[in-house]
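Novice: If you scroll down you'll find the structure; I have some questions about it.
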Amino acid sequence: REDTGEVVFRDHLSCPVAAILSADYRNDGMQQVVVCGAEGEVRGYQANSPNQHLAPMDFTMQQALISELTQKKLELLYELTSYQNIKSTFSQAGAMTNLIPSTTRVDSYIAINRETSTCDLVLRTNNECVIRGVVVFGEQIFEEESLFVCPKVLDTQVAVPLQPLKDVSVVLMIKALVGTRSSSTYHIFELEIELPKFAMYAVTEKGAFPEPQSSVNFTLSERVPQVAAYLETRFNHKMPQPGADCQELHLLCLRDKMPMNIRLKTSGGQAQVTILTDNMDIAGELVTDLAAHLGVADVASVVDFPLAMSNFKVILARVEEQNATRLRLNADMADSSNLVKQLLIKAEDMRILGNMAAMRRQYKQLHDLNRDLIADHIKRATNHTALLADLKEVNLMIQRAARMRVGSPKTKVVAASRAAIKSNSFGMLFRIMRDGDGSK
């Protein structure tokens, strides 16, 4: 290349070069550079025509493309040579029996493991070949975005424990090292499998765990079988009564061991859905994902979370108390600031009059007042920090209540809740979170 001096193209003859000539090699009236080999090999190279004017940018791009293709050619040649060396090694050592059969296949599926509270990625070969190691790549699943598992005992089946911290749907990219029990080289199988969004939930028997006290009720303009198909896809479990108009699914979260029940019932040609869970975040995530999967624009729901609402009442009481404390501390500080100004003026007057004893008394009072102001400031800072934390919890509670609705009902809940807080109508706020509009 003219700009870097890099060699763009290199060619090799199969024999030594005997001569380099300039001749009409293609009989088209154009002179080419002709290279003749000692064993009769002849190659021609045509230079750029003087009448052919290429833009500098175009010529640079062509050189870069040639360099890229040449590099790719060298990589392929290196890979081909590597394969030939491996084949030659096997042939010399008589180790062709270490190669896996051409029909070898690796199957994968997701299974629940209650003993370890994980959902396992199970890989299994269809013959006697063993899995030596597995590399799994997945976003938001592992801390380092990948996991390598090397089983201590070679077997045809390997279980990779997965414990996602959040309910996310991720496509896992898998690379499995497969070979015979005595082989020193392994074949790499590349697979992909989708981890269901709610894979960390195990199916339980009815009555195995206490029924949750909280619930979310809403109606969808869809048929029950469609909602049931969604649940089977997201939870990776079959419904107990497929195709029925009334169905019920009992689940247990493997993270916090909290039960969750989902009930489906046909009402007026529509699907009435009831989600029983004490976790508002899970309920909101499930409602939002269900609406997105079915393409429903608006979902209005009735929410009943007695334990969460009880804790929310405590938070609101703290916010009210901290607001009163903030106003009282601000008033006290304003009075103290006025007193500081008075003491400073009096102390300065005593200094001008030469009354040093009175001046010292004024400055002593000023010193004590400054100490009290510092203590009040610490109280204000502590109260402000606690107030911000509680206000954050209030905002999170509003967001949780809004996430259990979709579309315009969600927007109405957020706007009405903030208006109720602004007017200190806490009773109205609870009704808004429960019914969505606060009219009842």
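The values are calculated or read from the model by the stated rules, or taken from the named source; none is laboratory data. The structure displayed is predicted, hence computed values, not measured ones. For neighbour counting, all protein chains shown are included, and Cβ atoms are generated from backbone atoms with ideal geometry for every residue, glycine included. SASA here: full protein model, heavy atoms, side chains in, ligands and nucleic acids out. Shrake-Rupley method; radii C 1.70, N 1.55, O 1.52, S 1.80 Å.
Novice: Which of E192, E348, E128 ends up with the largest GNM mean-square fluctuation for the chain, with Cα atoms connected below 10 Å?
Specialist: Among E192, E348, E128, the largest GNM mean-square fluctuation belongs to E348.
Novice: If the chain between N27 and N126 were fully stretched, how many nm would it gain, using 0.36 nm times the residue separation less the Cα-Cα distance?
Specialist: 29.5 nm
Novice: Output wanted: per-residue J couplings in Hz (rounded whole) for segment 19-33, from phi through Karplus 6.51 cos²θ - 1.76 cosθ + 1.60, θ = phi - 60°, x for Gly and Pro.
Specialist: 7, 10, 10, 10, 8, 7, 6, 9, 6, 10, x, 10, 7, 10, 7
Novice: While we're here: Relative to the longest principal axis of the chain, what angle (0 to 90°, nearest 10) does the C-alpha long axis of helix 408-422 take?
Specialist: Orientation of helix 408-422: about 40 degrees from the principal axis.
Novice: I've got another one for you. Assign one of three labels to the chain, namely rounded, prolate or oblate, based on the Cα gyration tensor with a ≥ b ≥ c the square roots of its eigenvalues; rounded applies when a/c is under 1.5, prolate when it is not and a/b is larger than b/c, and oblate otherwise.
Specialist: Working: a/c = 2.71, a/b = 1.56, b/c = 1.74.
Verdict is oblate for the chain.
Novice: May I ask you to give the percent of accessible area on segment 232-343 that is carbon plus sulfur, with a probe radius of 1.4 Å? Before the final figure, lay out each step's value.
Specialist: Numbers: 2870 of 5540 Å².
In segment 232-343, the share of accessible area belonging to carbon and sulfur is 52 percent.
Novice: A follow-up question, please. On the protein heavy atoms, probe 1.4 angstrom, tell me the percent of accessible surface of segment 358-422 carried by carbon and sulfur. Kindly include the intermediate steps, with their values, before the conclusion.
Specialist: Working: 2390 of 3950 Å².
C and S fraction of accessible area: 61 percent.
Novice: On to the next question. Let me make sure I get this right: for segment 340-440, a, b and c are the square roots of the gyration tensor eigenvalues over alpha carbons, sorted descending. Under 1.5 in a/c it's rounded, otherwise prolate if a/b > b/c, else oblate. Which is it? If you can, show how the numbers build up before the last one.
Specialist: Working: a/c = 6.23, a/b = 4.47, b/c = 1.39.
Verdict is prolate for segment 340-440.
Novice: Gain in length, A292 to R105, computed as 0.36 nm per residue apart minus the alpha-carbon separation, to one decimal in nm?
Specialist: On the way: separation 187, 0.36 × 187 = 67.32 nm, distance 3.55 nm.
Stretched out fully, the A292 to R105 stretch lengthens by 63.8 nm.
Novice: Separate question: Among V168, C150, S182, which residue has its Cα positioned farthest towards the positive end of the charge dipole of segment 114-248, with +1 placed on the Cβ of Lys and Arg, -1 on the Cβ of Asp and Glu, and the dipole taken about the Cα centre?
Specialist: S182
Novice: Using a 7 Å offset from the Cα along the Cα-to-Cβ direction at both Y363 and L13, what is the distance between the two label points in nm, to one decimal?
Specialist: 10.4 nm
Novice: Grab the DSSP H runs of the chain that are 4 residues or longer, score each as -39,500 (n - 2.57), total them, divide by all residues and round the 222 nm result to the nearest 500 deg cm²/dmol. Walk me through the numbers before you get to the answer.
Specialist: Working: 7 runs with 186 residues, N = 440.
-15000 deg cm²/dmol, from helical runs alone.
Novice: Treating only the Cβ atoms of Lys and Arg (+1) and Asp and Glu (-1) as charged, compute the dipole magnitude of the chain about its Cα centre; round to the nearest 20 debye. Spell out each step's value before the answer.
Specialist: Details: 48 positive and 51 negative charges, 445 e Å.
With Lys and Arg at +1 and Asp and Glu at -1, about 2140 debye.
Novice: Go ahead and run the numbers for FRET between R328 and L307, Cβ-Cβ distance against an R0 of 25 Å, rounding to 0.05.
Specialist: Using R0 = 25 Å, I get an efficiency of 0.15.
Novice: When the chain is treated as a GNM, springs tying every alpha-carbon pair under 10 Å, which of G354, G269, G407 comes out with the largest mean-square fluctuation?
Specialist: Highest fluctuation among the options: G354.
Novice: Taking R0 as 45 Å, what's the FRET efficiency between K206 and R418 from their Cβ-Cβ distance, rounded to 0.05? All intermediate terms of the calculation are to be shown ahead of the outcome.
Specialist: On the way: r = 41 Å, r/R0 = 0.91.
That pair, K206 with R418, gives E of 0.65.
Novice: Let me ask something else. For segment 267-425, report the accessible area per residue in Å² (1.4 Å probe, heavy atoms, rounded to an integer).
Specialist: Values: 9080 Å² over 159 residues.
I get 57 Å² per residue for this part.
Novice: Within segment 111-133, find all residues whose amide N lies under 20 Å from a label point positioned 7 Å from the Cα of R255 along Cα-to-beta-carbon.
Specialist: Under 20 Å, as judged by backbone N against the label point of R255, lie 111-121 of segment 111-133.
Novice: So, one more: Determine the alpha carbon to alpha carbon distance for each of K379/K410; K197/K265; K238/K265; K313/K422; K166/K410 and list only those over 27 Å. Numbers along the way, then the final one.
Specialist: Numbers: K379/K410 38 Å; K197/K265 23 Å; K238/K265 17 Å; K313/K422 16 Å; K166/K410 23 Å.
Flagged as over cut-off: K379/K410.
Novice: Oh, and also: Using a probe of 1.4 angstrom, how much of the accessible area of segment 117-226 is carbon and sulfur, in percent? Walk me through the intermediate numbers first.
Specialist: Values: 2890 of 5930 Å².
Roughly 49 percent, rounded to a whole number.
Novice: Expressed as a whole number of Å, what is the distance separating the alpha-carbon centroids of segment 327-343 and segment 202-227?
Specialist: Segment 202-227 and segment 327-343 have Cα centres separated by 59 Å.
Novice: Would you give the gap between the C-alpha center of segment 6-46 and the C-alpha center of segment 105-171, rounded to a whole Å?
Specialist: Spelled out, the Cα-based centre of one part sits 57 Å from the other.
Novice: With every protein chain left in place, what is the accessible area per residue of segment 162-227 in square angstrom, probe 1.4 Å?
Specialist: Working: 3550 Å² over 66 residues.
Computed with neighbouring chains in place, this is 54 Å² per residue.
Novice: Mind telling me which of L220, L252, L396 comes out most flexible in a GNM of the chain, alpha-carbon contacts under 10 Å?
Specialist: Judging by the Gaussian network model, the answer is L396.
Novice: At 7 Å along the Cα-to-beta-carbon direction for both E232 and E115, put a label point, then send me their distance in nm to one decimal.
Specialist: Simple spin-label model gives 3.0 nm for this pair.
Novice: Further question: Hey, quick one: spin label on A386, modelled 7 Å out along Cα-Cβ, who in segment 313-349 has an amide N within reach, i.e. under 19 Å?
Specialist: The answer is 313-333, whose backbone nitrogens lie closer than 19 Å to the label point.
Novice: Note down the relative contact order for the chain as a percent, whole number, built from C-alpha pairs under 8 angstrom at least six residues apart. Working shown, then result.
Specialist: Details: 653 pairs, mean separation 39.8, N = 440.
After rounding, I find 9 percent.
Novice: Right, here's the next one. Under a crude label model (7 Å from the Cα following the beta-carbon direction), how far is R223 from E79 in nanometres?
Specialist: For R223 paired with E79, the spin-label model returns 4.9 nm.
Novice: Okay, next question. Among V340, T219, A229, whose Cα sits farthest toward the positive end of the charge dipole of segment 208-351 (+1 at Cβ of Lys/Arg, -1 at Cβ of Asp/Glu, about the Cα centre)?
Specialist: Working it through, the farthest residue towards the positive pole turns out to be V340.
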